[in-house]
Structures are given as structure tokens and as C-alpha cells.
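J.: Structure incoming, see below.
All of the numbers you see were taken from the coordinates with simple rules; none came from a lab. Note that the coordinates shown come from a computational prediction; the quantities given were computed from them, not determined experimentally. FYI the Cβ positions are ideal-geometry reconstructions off the backbone, even for glycines, and counts take in every protein chain you see.
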Amino acid sequence: MSSLLVDNIGELVTNGVGADPLGIRRRAAVLVEEDRVVWVGPSAYAPAADHRIDVGGAAVLPGFVDSHAHLVFAGDRAAEFAARMAGEPYTGGGIRTTVGATRAATDGELRATVRRLRGEALRQGTTTMEIKSGYGLNVADEARSLRIAAETSSETTFLGAHVVPAEYADRPDDYVGLVCGPMLAAAAPHAKWIDVFCERGAFDVDHARAILACGQAAGLGVRLHANQLGPGPGVQLGVELGAASVDHCTHLSDADVDALAGTAHTDGFGTTTVATLLPGAEFSTRSPYPDARRLLDAGVTVALATDCNPGSSYTSSMPFCIALAVREMRMTPAEAVWAATAGGARALRRDDLGVLTPGARADLVVLDAPSYLHLAYRPGVPLIRQVIRNGVPQ
Ligand code: NIG
Ligand code: FE
């Protein structure tokens, strides 16, 4: 069995149990065997290994866990972005433009886009990336979107209920029947999760509940797009169904925050339903940011993700989202880094990710900086010096 020692780490973020939430260790080393972390401790006591990387006092943290991305699509919507920056509002109506382009694309074109964006994210430190369907919106194109997504990630999500496609515009009940019937049957073999865009103009709460219940019955875990464009019942539906995550959470009532806080584990390890915040979407739609401070102060577990998609948030950069969360959403740098690593892992219900403790997956990021603080302190700067994924230097 081959071993790798990552040595001479000036500041190691473990997210393990410790005096501070990031479980920071100084002058540390990490020993990796195959794809797992097997030892973490002081550099001075580091065991011998087959290979050694000396990071020269740099900061090391767990790879980013991006728990919300829409990578299977064709075309872009740069003109729609420009119109928004000139004053047009974002309504989600552009989703149908991307559906048209996606249906017309070949498998090879879709695969190339997924790989390009996944590679882009990896170079920015993302070692796990969830991928949704949702731009096919018919049986064949949703199934192929998920088949292609599954070539790149084991965290795949069926989002057949993204919007009602144009051909079903005047019979949404029939579309819900299609999603719950043949579309789910074709998608489920390639998907781990089911998601619904529960929002005015997309799916109402009754349709969303029906679709998510069908997905659960087919063995898929529940996540939701909710309360992005306005207040609504989506977050509380997520809590009712035991969702792993409710995503966006931009417009929340006190009752929504209380409902999320009420899902707290009895062992004190946060909430079973995570609030995943997607500040790239507010940036790119010039909208008010969600109030992370309010959620954190109520005891809700918060994750950060990119929402990478061609309409509302065409960024694959977790460092960018961390910087936005700190500057615009009242998160501390430590809270934002935790949310982008351990928080994302919680949102995917993965206890092997987002931490650097013995037994965890060996997904590490080496920064070109002495501290994780630089991720927010130096926005827009390429600070990712090296990525190790599954124990393999990339
Ligand atoms: O998460 N809100 C729904 N879906 C995406 C937007 C997709 C698009 O505009 O193409 C989101 O923001
Ligand atoms: Fe999204």
C-alpha cells in the first residue's frame, strides 16, 4: 500500500473536534494511505512514508465540497446577464432557453461542458461536486443528463421539476405526472437525490410535495430549491420531508428559521436539514444576499455552494463564494470556510468528506498563503497551489 506524507503545514484546517470550529493545528503533517487520511499530528512526529510533499509552511484545508451545481447544459446566457446588469430582473424564465439548447446538443457536447466545468472547479480546490439535471425536462434528455453527470460525480440529482417546459405550459398536472412516472423511472438509476424548484413561476408546494414523495419512494434523498426569489412554503416543506438541504434560503420568515433550527440533532452536531446558501446567484442577479448570520445565530447548519449554471450563477469558484459570504452575508472567514467544506459535506450527508481526520477521504487543498483567512482577504486571487483528491496529487 503506497503512502504519502503532506508535511511542514503551517496551518492545517481539520474541521475536527477542537477548541475552535475549524480544528486548526499548526506545524502539522497529514499521512495518507491510498485514498484515506490515516494520521494527523505534529510535523516533528510524522511517520515515514513512500512519498513526501513539503508544503513549506503553507495552509492546508479539506477540499471544497460544492453541494449544488447544474453542469449539464448547452449554450450560455451572457446576453441575459448583460440585460440584468442594465436593469432587467431575474425571473428564472431563461431556464427554458437553456432547455432548448440542451435538447439540441449531442452527448459529446454535454459531456465536454461537464468535464470543462468540473476541471475548472478542481483547479479552484473543489474535490466533490454535486451535479443536477434539469435542462432536459423530457424523459430522454433528463435520463441522458444524469447518465453524463454520473460519469463525473457520485452525487447526482434529478431535477426534472426545474420548471414546467413550454409544451406542458397549460397542463402542469400532466407534467407532474410525467416527472413522477416515466421520467423518475428513467432517471433514478443514475441519481442519488431528487430536487424541485419550489417557487412562484416554477412548482407550487403541492406539486413539489408530490414529486419529492415519489422520489423518496424510489430511494432518492430529498433536497430543494426554496425561497430564492421571494418568501414561500419551500423551506418548511423541506423540513417536513426531512430534506438533507434546502438551497438558496434568501427570503426567510422567522417561522422558516425556527423550522430549520428545530431539526437540530440531539448530539449538538447542527441541524439535519442544512441551509445551503448560494451567493453567486445573488451576485449574478444583483439581488439582496441571504442573511447567513441570522441562520447561524439560530443554530442552523449552513453550507456554501456555487449554484454553477449558465443563468443565475455562472461561477465554479468556491473561493469566490467564500469571499462573498464574508463580505456580504455577515459570516466570519472561519464560518465561511467551514460552510464550504464540512457544511457542504453535511448537505450531502457525507461524514467522510469536508474533514481531515483519520478515516476521512484524502481530499486536501494546499494554499499559496499562510492561512485560510486569505481566501476572503485576497478575493479573486488564484490561491490554490495544489489539490490532492482521493489521495492523488492532481
Ligand atoms: O439555482 N433556481 C433555479 N435554478 C437555478 C437557475 C437556473 C437558470 O437560471 O438557468 C438556480 O438559480
Ligand atoms: Fe440551483
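J.: Using packing as a proxy for protection, rank 340-347, 212-219 so that the peptide with the highest average count of other Cβ atoms within 10 Å comes first. If you can, show how the numbers build up before the last one.
T.: On the way: 340-347: 28.8, 212-219: 17.5.
Packing order, densest peptide first, comes out as 340-347, 212-219.
J.: Can you give the alpha-carbon Rg of the stretch 51-117 over 2.2 N^0.38 Å, where N counts its residues? Working shown, then result.
T.: Details: Rg = 18.5 Å, N = 67, 2.2 N^0.38 = 10.9 Å.
Ratio of Cα Rg to 2.2 N^0.38 Å: 1.70.
J.: Here's another thing I want to ask about it. Work out the charge dipole of the stretch 1-157 with +1 on the Cβ of Lys and Arg and -1 on the Cβ of Asp and Glu about the Cα centre, then indicate which of A82, L146, G134 is farthest towards its positive end.
T.: My answer, from the dipole projection, is A82.
J.: Using the per-residue mean of other Cβ atoms lying within 10 Å as a proxy for protection, in what order, highest first, do the peptides 197-203, 244-250 fall? Display every interim value, and only then the final one.
T.: On the way: 197-203: 21.0, 244-250: 26.9.
Going from most to least packed, we get 244-250, 197-203.
J.: Okay, moving on. For a test of the definition: using alpha carbon positions, the gyration tensor, and the 1.5 limit on a/c, classify the stretch 110-196 as rounded, prolate or oblate.
T.: prolate
J.: By the scheme Lys and Arg +1, Asp and Glu -1, what is the net charge of all other residues having a beta-carbon under 15 Å from that of P165?
T.: Surrounding charge for P165 is -3.
J.: What is the magnitude of the charge dipole of the chain about its Cα centre, with +1 placed on the Cβ of each Lys and Arg, -1 on the Cβ of each Asp and Glu, and no other charges, expressed in debye to the nearest 20?
T.: Value, rounded to 20: 780 debye.
J.: Place the peptides 291-304, 30-43 in order of packing, highest mean first, counting for every residue the other Cβ atoms within 10 Å and averaging per peptide.
T.: The most tightly packed comes first, giving 291-304, 30-43.
J.: Please compute the alpha carbon radius of gyration of the stretch 145-227, then divide it by the globular-protein estimate 2.2 N^0.38 Å. Two decimals is fine.
T.: 1.02
J.: If you don't mind, there's one more thing I want to ask. Can you list, by residue number, the Cys in the chain that have no neighbouring cysteine C-beta under 4.7 Å?
T.: C198, C249, C308, C321
J.: At 7 Å along Cα-to-Cβ for each site, give me the label-to-label distance between Q394 and T106 in nm.
T.: Distance between the two pseudo-spin positions: 2.7 nm.
J.: May I ask for the equivalent-ellipsoid semi-axes of the stretch 303-394, computed as the square root of five times each C-alpha gyration tensor eigenvalue and listed largest first in whole Å? Mind showing how you got there, number by number?
T.: Values: eigenvalues 85, 53, 40 Å².
Semi-axes, largest first: 21, 16, 14 Å.
J.: Would you be so kind as to identify which of L278, A362, H190 lies farthest towards the positive end of the dipole of the chain, taking Lys and Arg as +1 and Asp and Glu as -1 on Cβ and the Cα centre as origin?
T.: The one lying farthest along the dipole's positive direction is A362.
J.: To check my understanding: the extent here is largest minus smallest coordinate of the Cα atoms along each principal axis. What are those three numbers for the chain, in Å, largest first?
T.: 69, 46, 45
J.: I would also like to ask the following. What GluC sites (Glu not before Pro) in the stretch 98-158 are in a loop by DSSP, with at most 15 other Cβ atoms within 10 Å of the Cβ?
T.: E151
J.: Classify the stretch 202-257 as rounded, prolate or oblate from the Cα gyration tensor: take a ≥ b ≥ c as the square roots of its eigenvalues, call it rounded if a/c is under 1.5, otherwise prolate when a/b beats b/c and oblate if not.
T.: Because a/c hits 1.5 or more and a/b exceeds b/c, the stretch 202-257 counts as prolate.
J.: Then there is this: What does the C-alpha gyration tensor say about the overall shape of the stretch 274-336? Classify as rounded when a/c is under 1.5, otherwise prolate if a/b is larger than b/c, or oblate.
T.: The shape class here is prolate.
J.: For a quick size check, give me the Cα extents of the stretch 101-260 along its three principal axes, largest first, whole Å.
T.: 44, 39, 27
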